[in-house]
Amino acid sequence: MGGTGKLSNVFLRGTNSNHTLVIVDGVELNDPSSPNNAFDFSFLSTYDIDRIEIIRGPQSTLYGSDALAGVISIFTKSGEPKKNHSFQTEGGSNNFFLANLSSSGTIGLMNYFFSLNRSGSDGISASNSKYGNIEKDGFSLNGFTSGIGINLNEFGKVNLSYKLTKAESDLDHSGKFGDDPNYIYKIEEQLFRLGYIKNFFNDTWETKLTASLMRRAGSAIDNYDTSRPMTYSDGYNKASRIKLDWQNNFRFINNNLLTLGIETEQEKANTSYYSQSEWGPYQSIFPESKAVSTGIYIQNQFNIASTLFTSAGLRLENHQKFGNELTYRIAPAYYSDQLNMKLKFTYGTGFKAPSLFNLFDPMWGNPDLKPEKSKGWDLGIEKYFMQNKLTAGVTYFDLRIENMFGFDNNYRTVNIARASTRGVELYFSIKQLNGFSVNTNYTFTETKDLFEGSEDFNKPLLRRPKQSASFNINYDNEKLNMNLGIYYVGEKEDKDFSTFPAERITMNDYYLINIAGSYKILDYLQITARIENLLNKDYEEVLYYGTLGRSYYAGLNLNF
């Protein structure tokens, strides 16, 4: 909301942003100090990312809490057999700058990857400038990523990783006239991970032991100023998550993979908030609280004659507050070699444990809360052409969420709400056909608030477009790479919370065109350029918040 470096969320298949689990190299990123335990993508560094995998539908069987609607799994780069050192720099509109230095390689039995980056911008006004908000809200981001792998031969493999993010962003208040010259948010996040992998009995048994720690500290301070002489606030939050996971993969039978595992985690958080306004002082203290949960899971994957593929799993989770929760998932698929076509189906359940805030906050919390629950299924067909270079597919999905957290008449958190999402996903891709690759998709999503006591009963959920689509074409040869992306977002509804009662607003649809290219001048030197929002479209993703207009960027990549 409000440009780069501001609050960014994902609504997977129309669900709430806190219904998607986000992990980096197996470390969960959802924030234990957040009231809804959601993840904010605004300061996620992309310069060290190797790939991103998105799994849609309830996934709690393997991943536990927060995976009601799906999982976004991010994998950072690792060491390569050949040494590679690179320096990347870019600059552009709104005084944007980027510098990234990385190195990877192998030394004896050890491989390594290191990345150091810094980026920032003067930004735009977080509150949309078309309403008279003129003060720019910039950001700065510093990051460090390291990964070391040690091959101990017959004694297994050890992996260690560490990721540090330090960022600062200027903010505005919500509403049409939210300009504020000295509202600043700071965050520091650290991720530690230690993993060990060992194979036994000619690779028929693989065991994985993982220990991870996530630590996060943030603060948001708004001092008095001439534009808001009566407004002051000071808030901070601290959170940590320690997790231990032991997973075992067995391949005792051909075409069969049996997975057994146990994991336990402890979440801890505390927050403090104080404000002063024309309405008087306000203070909210959430003392340090923690919760422990332990899950046991089993999953079996097998295929028959490379035609029928099935995955089925079960998980039992024990939480120190709400007790036990059982989830399951089954995912059969049938592949016809004659038709070169796949028919796939999944059905599963998921859960989301109450956040520490929901459970323990002195004013709003409720220690008797039960987890939110989801049930969902999808059915899809994929067809392959031209020796699998061309793929076309369609998937229908249906997801129901119950026991959702809401508030009673005393604003105490209770399990009261329900919602549903359903829709159709169409996709088409071409892989490397005469240098060209094409990806296009279209999604129709229908969401509905099913809580009869809500003023929004039977209405669509906020900020979810019914229609969205994208078209991306890329051309690549040895020296030249060119890319064109077209993105469409249909109409959606938001609320103007500055009115009472809050008024529903229908936001206009919009489309964006982005172009990018690179050219390799020398084997070790590449120039890059891109234009975002080529047609300078005026649009809003969230009511009253600004978005970037036409923006230009150029850079250099040096590899040696």
For this session: Return yes or no: is PHE139 within 14 Å of ASP48 (Cβ to Cβ) and in contact (Cβ under 8 Å) with a residue 12 or more places away in the chain?
Result: no
For this session: Would you be able to say whether some residue in the range 468-491 is farther than 24 Å from ILE531 by Cβ and in a strand (DSSP E or B)?
Result: no
Seminar exercise, completed: Residue pairs within 6 Å by beta carbon, gap of at least six or interchain, first lying in the range 383-404 and under 30 Å from LEU450 (Cα atoms), second among the acidic types (Asp, Glu) and assigned to a strand (DSSP E or B), listed first then second, are THR395/ASP378; THR395/GLU425; PHE397/ASP378; ASN403/GLU372; MET404/GLU372
For this session: Inspect all residues belonging to the range 532-544 and state whether any of them is within 19 Å of TYR47 (Cα to Cα) and either in contact with a strand residue (DSSP E or B) (Cβ under 9 Å, 6 or more places away or on another chain) or modelled with pLDDT under 95 (or both).
Result: yes
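Can you tell me which residue is farthest from ASN256 (Cα to Cα) among those in the range 290-306 that are modelled with pLDDT of 95 or more and of a type outside the set (A, V, I, L, M)?
Residue satisfying both the conditions and the ranking: LYS290.
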For this session: Residues being at pLDDT 95 or above, basic (Lys, Arg) and more than 19 Å from the chain's Cα centre (by Cα): count how many of those fall in the range 163-191.
Result: 1
For this session: Restrict the check to the range 509-530 and report whether at least one residue is loosely packed, with under 14 Cβ neighbours inside 10 Å, touching a Lys or Arg at 6+ places or on another chain (Cβ under 9 Å), among the aliphatic types (A, V, I, L, M) and part of a loop (DSSP other than H, G, I, E, B).
Result: no
Exercise. What number of residues within the range 226-245 are exposed (fewer than 14 other Cβ atoms within 10 Å of the Cβ) and either touching a strand residue (DSSP E or B) at 6+ places or on another chain (Cβ under 9 Å) or at pLDDT 95 or above (or both)?
Worked result: 1
For this session: Could you tell me whether the range 43-56 includes any residue that is polar (S, T, N, Q) and closer than 18 Å to LYS352 by Cβ?
Result: no
For this session: Could you give me the residue pairs with C-beta distances under 9 Å whose first residue belongs to the range 331-344 and is touching a residue at least 24 places away in the same chain (Cβ under 8 Å) and under 21 Å from GLN59 (Cβ atoms), whose second residue is aromatic (Phe, Trp, Tyr) and surrounded by fewer than 11 Cβ atoms within 10 Å (Cβ to Cβ) wherever it lies, and which are 6+ apart or on separate chains?
Result: none
Seminar exercise, completed: With criteria (1) surrounded by fewer than 21 Cβ atoms within 10 Å (Cβ to Cβ); (2) over 21 Å from the mean Cα position of the chain (by Cα), ARG56 comes up short on (2)
Exercise. Taking the range 154-165, which residues are closer than 30 Å to ILE124 by Cα and either touching a Lys or Arg at 6+ places or on another chain (Cβ under 8 Å) or touching a residue at least 60 places away in the same chain (Cβ under 8 Å) (or both)?
Worked result: LYS163, THR165
Exercise. If the Cβ limit is 8 Å and pairs must be 6+ apart or interchain, which residue in the range 428-443 that is under 16 Å from GLU382 (Cβ atoms) pairs with which residue that is of a type outside the set (Gly, Ala, Ser) and assigned to a loop (DSSP other than H, G, I, E, B)?
Worked result: ILE430/LYS389; LYS431/ASN388; LYS431/LYS389
Exercise. Conditions: (1) surrounded by fewer than 16 Cβ atoms within 10 Å (Cβ to Cβ); (2) touching a Pro at 6+ places or on another chain (Cβ under 7 Å). ALA269 meets all but one. Number of the miss?
Worked result: (1)
For this session: Report yes if LEU194 is surrounded by 15 or more Cβ atoms within 10 Å (Cβ to Cβ), within 28 Å of VAL24 (Cβ to Cβ) and at pLDDT 95 or above, otherwise no.
Result: no
Exercise. For the range 443-453, does any single residue satisfy the condition of being among the hydrophobic types (A, V, I, L, M, F, W, C), closer than 24 Å to GLU532 by Cβ and in a strand (DSSP E or B)?
Worked result: no
Exercise. If you check GLY138 against the conditions, is it over 30 Å from THR15 (Cβ atoms) and crowded, with 18+ Cβ neighbours inside 10 Å?
Worked result: yes
Exercise. Could you say whether any residue in the range 464-484 is over 30 Å from ASP538 (Cα atoms), at pLDDT 95 or above and of a type in the set (Gly, Ala, Ser)?
Worked result: no
Problem set entry | Unmet criterion (only one of (1) of a type in the set (D, E, K, R); (2) closer than 30 Å to PHE560 by Cα; (3) surrounded by fewer than 16 Cβ atoms within 10 Å (Cβ to Cβ)) for ASP122 | (2)
Problem set entry | Matching option when the condition is under 26 Å from the mean Cα position of the chain (by Cα), closer than 19 Å to SER551 by Cβ and assigned to a strand (DSSP E or B), among LEU116, LEU98 | LEU98
Exercise. Taking SER169 and the conditions (1) of a type outside the set (Lys, Arg); (2) surrounded by fewer than 17 Cβ atoms within 10 Å (Cβ to Cβ); (3) closer than 28 Å to PRO35 by Cα, which numbered condition does it fall short on, given that it satisfies the others?
Worked result: (2)
For this session: Give ASN303, ASN249 a once-over and let me know the one that is over 25 Å from ARG193 (Cβ atoms), among the polar types (S, T, N, Q) and surrounded by 15 or more Cβ atoms within 10 Å (Cβ to Cβ).
Result: ASN303
Exercise. Got a sec? Which of GLY380, GLY406, GLY365, GLY393 is surrounded by 19 or more Cβ atoms within 10 Å (Cβ to Cβ) and either assigned to a strand (DSSP E or B) or not aliphatic (A, V, I, L, M) (or both)?
Worked result: GLY365
Exercise. Which of the residues spanning the range 52-79 are assigned to a strand (DSSP E or B) and of a type in the set (A, V, I, L, M, F, W, C)?
Worked result: ILE52, ILE54, ILE55, VAL71, ILE72, ILE74, PHE75
For this session: Go through (1) touching a Leu at 6+ places or on another chain (Cβ under 7 Å); (2) closer than 24 Å to ASP122 by Cβ; (3) assigned to a strand (DSSP E or B) one by one and return the number of the condition LYS537 breaks.
Result: (3)
Seminar exercise, completed: From the option list LEU213, LEU209, single residue qualifying as modelled with pLDDT of 95 or more, more than 22 Å from the chain's Cα centre (by Cα) and either surrounded by fewer than 17 Cβ atoms within 10 Å (Cβ to Cβ) or more than 18 Å from GLU189 (Cα to Cα) (or both) is LEU209
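The values are calculated or read from the model by the stated rules, or taken from the named source; none is laboratory data. Keep in mind the model is a prediction, meaning the values are calculated, not measured. Please note: Cβ atoms are built from the backbone with ideal geometry, for glycine as well, and neighbour counts cover all protein chains shown.
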